[in-house]
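Single-structure report; data block below.
The values are calculated or read from the model by the stated rules, or taken from the named source; none is laboratory data. Just so it is clear, the structure is predicted and the values come from calculations on it, not from any experiment. No Cβ is skipped: glycine too gets one built from the backbone with ideal geometry, and neighbour counts run over all protein chains shown.
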Protein chains: 4
Amino acid sequence: MLVVMQAQATEEQVRAVCQKIEALGYRPHAMPGAQRTAIGITGNKGEVEAGSLEEMPGVQEVIRVSKPYKLVSRDTKPDTTIIKFAAANAHTQPVTIGGRDLAIIAGPCGIESRDQAFAIAERVARAGAQFFRGGAYKPRTSPYSFQGLGEEGLKIMAEVRDRFGLLIVTEAVDYESLDLVDQYADVIQIGARNMQNFSLLKRAGRAHKPVLLKRGIAATLEEFLMAAEYIMSEGNYNIVLCERGVRTFADHTRNTLDLSIVPAVQRLSHLPIIVDPSHGTGKRNKVTPLSRAAVAVGADGLIVEVHHDPDHALSDGMQSLYPDQFDTLMEQVNQIAAVLERGVQSPAKVQAKVRERTTIAVE
Amino acid sequence: MLVVMQAQATEEQVRAVCQKIEALGYRPHAMPGAQRTAIGITGNKGEVEAGSLEEMPGVQEVIRVSKPYKLVSRDTKPDTTIIKFAAANAHTQPVTIGGRDLAIIAGPCGIESRDQAFAIAERVARAGAQFFRGGAYKPRTSPYSFQGLGEEGLKIMAEVRDRFGLLIVTEAVDYESLDLVDQYADVIQIGARNMQNFSLLKRAGRAHKPVLLKRGIAATLEEFLMAAEYIMSEGNYNIVLCERGVRTFADHTRNTLDLSIVPAVQRLSHLPIIVDPSHGTGKRNKVTPLSRAAVAVGADGLIVEVHHDPDHALSDGMQSLYPDQFDTLMEQVNQIAAVLERGVQSPAKVQAKVRERTTIAVE
Amino acid sequence: MLVVMQAQATEEQVRAVCQKIEALGYRPHAMPGAQRTAIGITGNKGEVEAGSLEEMPGVQEVIRVSKPYKLVSRDTKPDTTIIKFAAANAHTQPVTIGGRDLAIIAGPCGIESRDQAFAIAERVARAGAQFFRGGAYKPRTSPYSFQGLGEEGLKIMAEVRDRFGLLIVTEAVDYESLDLVDQYADVIQIGARNMQNFSLLKRAGRAHKPVLLKRGIAATLEEFLMAAEYIMSEGNYNIVLCERGVRTFADHTRNTLDLSIVPAVQRLSHLPIIVDPSHGTGKRNKVTPLSRAAVAVGADGLIVEVHHDPDHALSDGMQSLYPDQFDTLMEQVNQIAAVLERGVQSPAKVQAKVRERTTIAVE
Amino acid sequence: MLVVMQAQATEEQVRAVCQKIEALGYRPHAMPGAQRTAIGITGNKGEVEAGSLEEMPGVQEVIRVSKPYKLVSRDTKPDTTIIKFAAANAHTQPVTIGGRDLAIIAGPCGIESRDQAFAIAERVARAGAQFFRGGAYKPRTSPYSFQGLGEEGLKIMAEVRDRFGLLIVTEAVDYESLDLVDQYADVIQIGARNMQNFSLLKRAGRAHKPVLLKRGIAATLEEFLMAAEYIMSEGNYNIVLCERGVRTFADHTRNTLDLSIVPAVQRLSHLPIIVDPSHGTGKRNKVTPLSRAAVAVGADGLIVEVHHDPDHALSDGMQSLYPDQFDTLMEQVNQIAAVLERGVQSPAKVQAKVRERTTIAVE
């Protein structure tokens, strides 16, 4: 159920409708848009009855949403969500995900040491990334594989933010790690294996930081959006979706990167969507071509694995780019973005060289 | 791990790859063939990371070979695991999962009320089930769907055990619910969506009750066994695997029930494996034929959804059998089991009629 | 479009309706059932207009079929199709596919020599098979693999029929081979790779022998039935469907055998359906368990690869049973069939030993 | 081929497997590892058949290793194949597929009439396509759907070539149609459903025109390349591969377009590869984004469905672009191509405007 307010509705009227919804035993979600406010209604009593909401001052209409998702839908909020981040440190500027320009997240699969993190962060920052990725809690198929450094890894990433001006994206795998990630990082990643871990999604919905939600390995578009709906239904509206490849019979890549989901999401939902070509292909030599394709199809950004020494990486060595390869990727991605009249954000106030490179015209 | 060289690779390139493998701390085994050379890699440091081998001059591809699971493997423990359960109440006898005779788990998708649970339990016990299933914590695709009664549901199931002599199987979805399930139930179910929720698997590995681990919707055999390995690696060796259908392109059933995994698991692992034809097909009229097939292929048991009033079930009504249909299923399954020289366990000391029908004594 | 005649309609009335349909420019397909005749209408002008058909004497109703298939549908012909075969030689009796008792087809993947064919035929006949399979035209993934003996292979199989009393099932891959198979064999097999080779299907629809149509490796139920519809629309109503595994992400078997399609087909179509556990699993050690499951789920028969010397088989050695394993399979299948109140047909007038075995009671 | 022994296999068992391999005429290479022994197998008799190796005592599994394709491989021919076409008429220039610049094929799904073909051809030629596609023989799922105009359609397309300077691409579905297509058209298309119709592939290998081979709906990369190998093994070396989407569980597009196969093919084979975003998505609104992505990933061209009146198209109306949309597609594709230092070929000697826009001369 969705209450659409009139364009000229006052804040007071919005508040009154919300109070009415609460009085009926449901939960209101006011979402101010460019022109008008819409109020989503959720509740655990099954169907919501419209009652007298439609008669209230400032209400334009009450829509019974047939699709199972509500809050994530463009019906609810026609404008694309732009998630705003404060500057990572004093030398950088604020950045966004979902705006005109692309967001680039890069870094190692797992944080292995302070030296490793710094070596990689230095290179990806220089190449023009705005976000640093790195796992402190690694969901590994085998219990005998490297499981991450835990809080120690989070602390190293916090240092990376201060020193290199990169915002931090890292995965949470349970309540404990989610609380710590919420504290240390800038974006809480929910991995593909946990896309339908509904308890964790709800907890992420009560966190303070934006959530990067990866598509499950066999998730339909509807299940993907419903997972985001779980998070939003708890009050956290800052969600970035991420396509990272799905499982098919094809065996020439680790997963099959399904780029068609990018325009499909953009049609149905207001949430931004980025692409992970590293997990999406599982092969280093396919990351750059598929990064170009992801930007060309219209993604709002990329998340890419980069390692300065993949031979000795404790995880995902086969799919991590060398820093030089990442430089090339950034150059190509900048040019493709320009064709779509987008750029790659350049947060660093002093990174003049990078900024020049990102503003290259196609001709 | 195996490195396949290109046809035109030089001896020097082969030597370089071997040296690289040694430098990584492993042992190379070059095998020249008629057309090309392959290089095997072994090592005692666990998993081998391919690193940059695939990028070296002359290399065509890198193939992974060795099996990563240990505790679940028949190599480790040749005898099939038999999980023993004490009698559910004073009127019944002990039962097993994994032994000569089949284990049958039946009940509603979700516990909706005491009356509903009792009505169904009475019928499935009479038909010869030994275990009662029912969800108190339901992982639903939508946050707006019925999420289960929580601890209240667990208490109802504990009453079912006392009154009907049925052992209780119910799902845990996070730490909190796992601790409660461990306390109230006899078997902790880990659902398909959480098969790679490694935090939850580890917690289940520290629980006191056996675990029923469902195959993830797109899990390979290896991933399935590795999920069990996670539980075992924490010390809980009582695990029952459960095939419940996988996601494919086929649309005549909700999932595609992959019965071939039953002999495949039995070949590689000592763990018992049962089949869920209800989720595996998603259609009431296919549950009984596929139950017969599951027993015929060699499964150690079944988990079946039964509801006395499926039209008004709060979840999965379309795939729940009517109690009369479950009676028929049990008769047919008993006869198929007899062909394989197995029976269906009959725990009730007083259920003389049932025992006659199966013509097989439990002890 | 489907014309359902009254139960008491005369043959003359049926003929009159058919003539009317032809006069309208369409093609009638009269299908006499146990109680009444239905007349399917096909044509290449797109939609069929009912015109005055409904007013004709003897017509009960005209049904606009919403499903895209007509002739294969149970709506058109409620009784299951039973395909009748004359005795293979003087020592055997007639057999059927689709009747109460199961049909068993067995033999090597490819016919390699007269000696090989005879050695295998002798064993599968003794074990109780009624049909002999063997490829003379092999659709191989590689042009460099053994492609079959061609007409020479067909001649060998004709000898097998005479000598061992086995009916012959063999694959046609193009017009030329189809014409020859139609001449030499008893059943024309259309392989999975040709399930949507519509030119070949139409040609098979004009052949004189029944067609065994294998499900394509990624065919939906609807596509599978539509392929049969192609054959029937040309006038050949004797079709046996065959599930032989579909392609999924699962890698523990060569294909994923989708047994749920058996009851799904039986619900929608009157055509018989059998199962191929050899291609369906691709692994010898899984053929017997899945054969049991196929019979338990309700299949009308099996097609199984058997080779007396799989080590030296020119194709599919890994999935061929040894003759002794096939003996065991037949014993188990007989017992499972008995549970469903079916038997395995025993065509040989003199094979007393086999007949005794097939009549084993479950208890 | 690689035999992996069990952990507890004895030296005697290893020796027995090696002797067996030798007896089969191959060469064993035993590689003892820390935990288990693996035995490599090589031989110069082509494919190795595993036979009964998997059944021997101590054997865990048998893994296939060597690549079966030869003529399509870059090992055989390191330089990318460039297929050269003479000018379509006196007003155009020669074009290529597989060279520096992209080839664009556009037109309706099926040829419906001379007027329809001309109306569409005029627009796609003006927009910069070099090839005209259109089906005269349509492989339709239903025998009751429009099956194409046959030779009449081929004649219309020959007129299109003369009048608009477009080279003709059209599908052959059997020997008869292949001979006619070979006579009238410039490129013989083999559709996805016939990718493993080996008889047709061999016939295409004896034709005089280049072949456009579409990937089967569930074909692996290896099967795709082997299908091309069939054509090449008969002497026709002019093959263009075409990715057109594969079948997966995903339901937001008709097929899942697998763009990662483009760099995968380019790594293993010298054959050019193009992309079909129309069948690859099945939805008009996704054709342009995925066309951009296909060019960005490195494809050698596109094949796109365009119809001047999709609402009344006899097939595939939902996925056909309007001519204006195709204009936009061409503009965007030109710009993306420029980023990769490629252009779109401009065959028309007089299409000055198009040439200016791409800023790239054809010669």
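One residue stands out among those in the range D:232-254 that are within 7 Å of another protein chain (Cβ to nearest Cβ) and of a type in the set (A, V, I, L, M, F, W, C): the one that is surrounded by the most Cβ atoms within 10 Å (Cβ to Cβ), which is D:246.
Against the criterion of being at pLDDT 85 or above, surrounded by fewer than 17 Cβ atoms within 10 Å (Cβ to Cβ), in contact with a strand residue (DSSP E or B) (Cβ under 7 Å, 6 or more places away or on another chain) and outside the structural domain of residue A:238 (by TED's automatic domain parsing), residue A:22 qualifies. Remark: pairs (first residue in the range D:189-215, more than 8 Å from chain C (Cβ to nearest Cβ) and outside any loop (DSSP other than H, G, I, E, B); second residue among the basic types (Lys, Arg) and buried (at least 24 other Cβ atoms within 10 Å of the Cβ); Cβ separation under 8 Å; 6+ apart in sequence or on different chains) = D:189/D:133; D:189/D:214; D:190/D:214; D:192/D:214; D:192/D:215. Take residue A:278 and decide whether it is under 21 Å from the mean Cα position of the chain (by Cα), within 14 Å of chain B (Cβ to nearest Cβ) and more than 19 Å from residue D:250 (Cα to Cα). Here the answer is no, as residue A:278 does not meet what is asked. Among the residues of the range C:202-216, those that are surrounded by fewer than 24 Cβ atoms within 10 Å (Cβ to Cβ) and farther than 21 Å from residue C:103 by Cα comprise C:202, C:203, C:205, C:206, C:207. Evaluating residue D:223 against the criteria (1) closer than 22 Å to residue D:105 by Cα; (2) out of contact with any Lys or Arg (no Cβ under 7 Å at 6 or more places or on another chain) leaves one unmet condition, (1).
Remark: pairs (first residue in the range C:80-94, farther than 15 Å from residue C:159 by Cβ; second residue crowded, with 20+ Cβ neighbours inside 10 Å and of a type in the set (D, E, K, R); Cβ separation under 8 Å; 6+ apart in sequence or on different chains) = C:85/C:186. Could you please tell me which pairs satisfy a Cβ distance under 8 Å, a separation of 6+ or placement on different chains, a first residue in the range C:116-129 that is touching a residue at least 24 places away in the same chain (Cβ under 8 Å) and in the same structural domain as residue C:325 (by TED's automatic domain parsing), and a second residue that is part of a loop (DSSP other than H, G, I, E, B) and of a type in the set (Ser, Thr, Tyr)? From residues that are touching a residue at least 24 places away in the same chain (Cβ under 8 Å) and in the same structural domain as residue C:325 (by TED's automatic domain parsing), the pairs are C:128/C:346. Residues of the range C:227-259 being over 24 Å from residue D:139 (Cα atoms) and out of contact with any Gly (no Cβ under 8 Å at 6 or more places or on another chain), which ones? Passing the criteria: C:248, C:249, C:250, C:251, C:252, C:259.
For every residue, the table says whether it meets (1) within 24 Å of residue D:140 (Cβ to Cβ); (2) modelled with pLDDT under 85; (3) in a loop (DSSP other than H, G, I, E, B).
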| site | (1), (2), (3) |
| --- | --- |
| C:16 | no, no, no |
| C:30 | no, yes, no |
| C:49 | yes, yes, yes |
| C:61 | no, yes, no |
| C:67 | yes, yes, yes |
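The listed residues are A:222, A:159, A:229, and the only one of them that is of a type in the set (D, E, K, R), part of a helix (DSSP H, G or I), out of contact with any strand residue (DSSP E or B) (no Cβ under 8 Å at 6 or more places or on another chain) and crowded, with 22+ Cβ neighbours inside 10 Å turns out to be A:229. Counting only helices (runs of 4 or more DSSP H) that sit wholly inside the range B:250-363, those with at least 1 residues that are under 29 Å from residue B:145 (Cβ atoms) and modelled with pLDDT under 95 are B:284-297. The set of residues in the range B:1-31 that are more than 26 Å from residue D:68 (Cα to Cα) and either within 14 Å of chain D (Cβ to nearest Cβ) or charged (D, E, K, R) (or both) comprises B:20, B:21, B:22, B:25, B:26, B:27. Taken over the range D:256-285, the criterion of being charged (D, E, K, R) and farther than 14 Å from residue D:317 by Cα is satisfied by D:258, D:267, D:276.
Of all residues in the range D:162-171, one or more are surrounded by 22 or more Cβ atoms within 10 Å (Cβ to Cβ), more than 21 Å from residue D:275 (Cα to Cα) and not aromatic (Phe, Trp, Tyr).
Yes/no matrix, rows are residues, columns are (1) assigned to a strand (DSSP E or B); (2) closer than 16 Å to residue D:212 by Cα; (3) of a type in the set (Phe, Trp, Tyr); (4) away from chain C (no Cβ under 12 Å):
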| position | (1), (2), (3), (4) |
| --- | --- |
| D:142 | no, no, no, no |
| D:163 | no, no, no, yes |
| D:168 | yes, yes, no, yes |
| D:173 | no, yes, no, no |
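Checked against (1) facing chain A (nearest Cβ under 7 Å); (2) in contact (Cβ under 8 Å) with a residue 24 or more places away in the chain, residue D:289 passes all but condition (2). Listed by first and then second residue, the pairs linking a residue in the range A:67-78 that is more than 10 Å from chain B (Cβ to nearest Cβ) and more than 15 Å from residue A:30 (Cβ to Cβ) to a residue that is surrounded by fewer than 22 Cβ atoms within 10 Å (Cβ to Cβ) and charged (D, E, K, R), with Cβ atoms under 7 Å apart and 6 or more places separating them unless they lie on different chains, are A:73/A:67.
Listed by first and then second residue, the pairs with beta-carbon distance under 6 Å, at least 6 apart or on different chains, first residue in the range A:297-314 and within 8 Å of another protein chain (Cβ to nearest Cβ) and in contact (Cβ under 8 Å) with a residue 40 or more places away in the chain, second assigned to a loop (DSSP other than H, G, I, E, B) and hydrophobic (A, V, I, L, M, F, W, C), are A:314/A:146. The lone criterion from (1) touching an Asp or Glu at 6+ places or on another chain (Cβ under 7 Å); (2) modelled with pLDDT of 80 or more left unmet by residue D:57 is number (1). Note on the range D:32-47: among residues that are in a loop (DSSP other than H, G, I, E, B) and facing chain B (nearest Cβ under 8 Å), the one that is modelled with the highest pLDDT is D:36.
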